[in-house]
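A short write-up of the structure that comes next.
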Amino acid sequence: HPKHCTYGVPSPHGVPPQKRCADRSPCCGREHRFSVSALLWGDTTAMQALGECEVVLGAELVYQEEHFAALLATLRALLASPAAVAYFSFCLRGRGEARFEAMLHEEGFAVERVPCEQLHHEYQGGNYVVLHIRRGF
């Protein structure tokens, strides 16, 4: 079971909605099998404090090119284990998404697009992308 479910926030202010949802999620009396941690991209100290991650999920993170380098550095640290995997989903908006995908390849990540027909039918319109990212280095 994943040790951490990690999301990135561009600033340390406030509690993101993912954390609020996880706190209210009904557990049916079962033990939590994940944790949610705020993480400022590129913050080496915070990444070390998290320890190893098995699964990293990210949604709508790829839209500001000036943050791509920090996001890549964060992924490199979080996917340190050969078994670790990340899934990033985003809507194609013409805001550098192709550049981000190219940068992942340049950094040595193994990247695959999840086939559109495997996405939920609401997201099969062609504007949505889910990347399966793992270490290639």
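For this structure, a couple of remarks:
- Arg20 open to solvent by 30 Å² or more (accessible area, probe 1.4 Å), closer than 30 Å to Gln124 by Cα, at pLDDT below 85 and not in a loop (DSSP other than H, G, I, E, B): yes
- When the test is whether a residue is closer than 18 Å to Glu101 by Cα and at pLDDT below 85, Tyr7 does not pass it.
- Being surrounded by 12 or more Cβ atoms within 10 Å (Cβ to Cβ) and modelled with pLDDT under 90 holds for only one residue in Val62, Val114, Val85, Val130, and it is Val62.
- Selection count, segment 88-137, where residues are farther than 22 Å from Ala69 by Cα and assigned to a helix (DSSP H, G or I): 6
- The sole residue among Gly94, Gly108 that is of a type in the set (Gly, Ala, Ser) and open to solvent by less than 50 Å² (accessible area, probe 1.4 Å) is Gly108.
- Arg30 falls short on exactly one of the conditions (1) modelled with pLDDT under 60; (2) surrounded by 13 or more Cβ atoms within 10 Å (Cβ to Cβ), and that condition is (2).
The values are calculated or read from the model by the stated rules, or taken from the named source; none is laboratory data. For clarity, every value in this text was computed on a predicted model and none was experimentally measured. Cβ sites come from the backbone with ideal geometry, for glycine too, and all protein chains shown count toward neighbours. When the accessible area is computed, the model is the full protein with side chains, heavy atoms only, and any ligands, DNA or RNA have been set aside. Shrake-Rupley method; radii C 1.70, N 1.55, O 1.52, S 1.80 Å.
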